[in-house]
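Reviewing the structure listed below.
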Amino acid sequence: MKKTITLSCAAFLLLALSGCKDASVDISNGNDVLFSVGSTKVTNDDIFRPIFLSSGFTEVNSQVSKIIYDKEVPVDDEITAEAKKNMNDFKTSAKDNLSSILKQYGCADEEEYYNKYILPGVQNTQLAKKFLEANAEDQITTYKPVKARIIACTSEGNAQNALKAVKDGDSFESAAAAYGKTDTYTGAEIVVNQSSQLPAVVWSKISVITDKEAMINEVITDSTDAEKPIYYVVKVTNTKALEDFKEEALQSILDQSSTIRQEAMVYYLKQYQFRVYDIDIYNSYQSSMPDYLVQDAD
């Protein structure tokens, strides 16, 4: 049986909207249901004023996300521990500016910031992890994670020397130390995917390799900055992510993709048949987060 989240914005029962998105909220009865998740119902009196008279769309989206989190990644010891660590890191980073930062985010104290930002942030990451694990094969096919060793050099001569060294049997790490700039790539084996911050010309060479292990027998030149080109030496060491390093591959997607958390939320909104009936909230989603309007894909 499919699960359902219905955001009806009070007017649903009064106007019998039946899924129409051209109605607007009109408080007539505090007992009318604002939105429901399964058997859990929230009425106008429960939440209408803080949502629609204060924060509007932002609060609605926050409430919808919270329902997804509570159903799919409810707060447990692991999530709590991570959230507390993140909160401590935030406080350490903020130092003497903590109070002013809290005010900037509209929070009266640390507890409010924790509940409003830190905890949902951890749940958001856990939701993305759950999505990746549930759709591992498709996501690995899309992002094409591979293991590789990379050396970046500031001159073509150094890159050619590095290429010769590794082909002669030197380790990538020693060649990188001798000839490369090691601020980003040290020659150590890493997992990269199409969302990694690799130059397009480098990724284009990596992404077409199907052998489990393959040396790219040329120096790859990235001339994005014509005045300071970078020269790369690359060896792909494993292309069998699903079979050999699935967890590392999925973690690389989580760490490097700028869209995976949104993709995860959309996936679960579809699973729960999320619907918006109020025209103002609908238009806000259309303007800010159109992918969340999964009802339009029906």
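The values are calculated or read from the model by the stated rules, or taken from the named source; none is laboratory data. Treat the numbers as computed from the prediction; the structure is a model and nothing was measured. Here Cβ is always computed from backbone atoms with ideal geometry, including for glycine, and neighbour counts include all displayed protein chains. Accessible surface areas use protein heavy atoms only, side chains included; no ligands, DNA or RNA. Shrake-Rupley method; radii C 1.70, N 1.55, O 1.52, S 1.80 Å.
Overview of values
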| quantity | calculated |
| --- | --- |
| For segment 146-298: relative contact order, % (alpha-carbon pairs under 8 angstrom, 6 or more apart) | 25 percent |
| Per residue solvent-accessible surface (Å²) - segment 179-298, probe of 1.4 Å | 52 Å² |
| Cubic angstrom per residue, convex hull over Cα atoms of segment 73-124 | 65 Å³ |
| For a label point 7 Å along the Cα-to-beta-carbon line of Lys181, residues of segment 216-257 with backbone N under 17 Å | 220-234 |
| Heavy-atom accessible area per residue - segment 73-134, 1.4 Å, Å² | 62 Å² |
| In Å², nearest 10: area of Glu133 left accessible to a 1.4 Å probe | 130 Å² |
| FRET efficiency, Ser93 to Asn115 (Cβ-Cβ, R0 22 Å, nearest 0.05) | 0.70 |
| Flagged links, alpha-carbon separation over 24 Å, of Lys85/Lys147; Lys103/Lys270; Lys147/Lys167; Lys144/Lys181; Lys71/Lys103 | Lys85/Lys147; Lys103/Lys270; Lys144/Lys181; Lys71/Lys103 |
| Per principal axis, descending, Cα span of segment 185-285 in whole Å | 58, 40, 22 |
| Projected-area average for segment 99-186 over all orientations - Cα convex hull basis, square nanometres | 10.4 nm² |
| Amide H contacts under 5 Å for Phe274, placed H, 5+ residues apart | Ile5 |
| Solvent exposure ordering (accessible area, 1.4 Å, most first) of Asp96, Asp183, Asp222 | Asp96, Asp183, Asp222 |
| Protein accessible area in segment 155-207, 1.4 Å probe - carbon and sulfur % | 44 percent |
| Inter-label distance for Ser174 and Ala188, nm, one decimal - labels placed 7 Å from Cα along Cα-to-Cβ | 1.9 nm |
| Cα gyration tensor category, rounded, prolate or oblate, for segment 130-234 with a/c compared to 1.5 | prolate |
| Inter-probe distance in nm under a simple model that places probes 7 Å from Cα toward Cβ, at Gln197 and Lys164 | 3.2 nm |
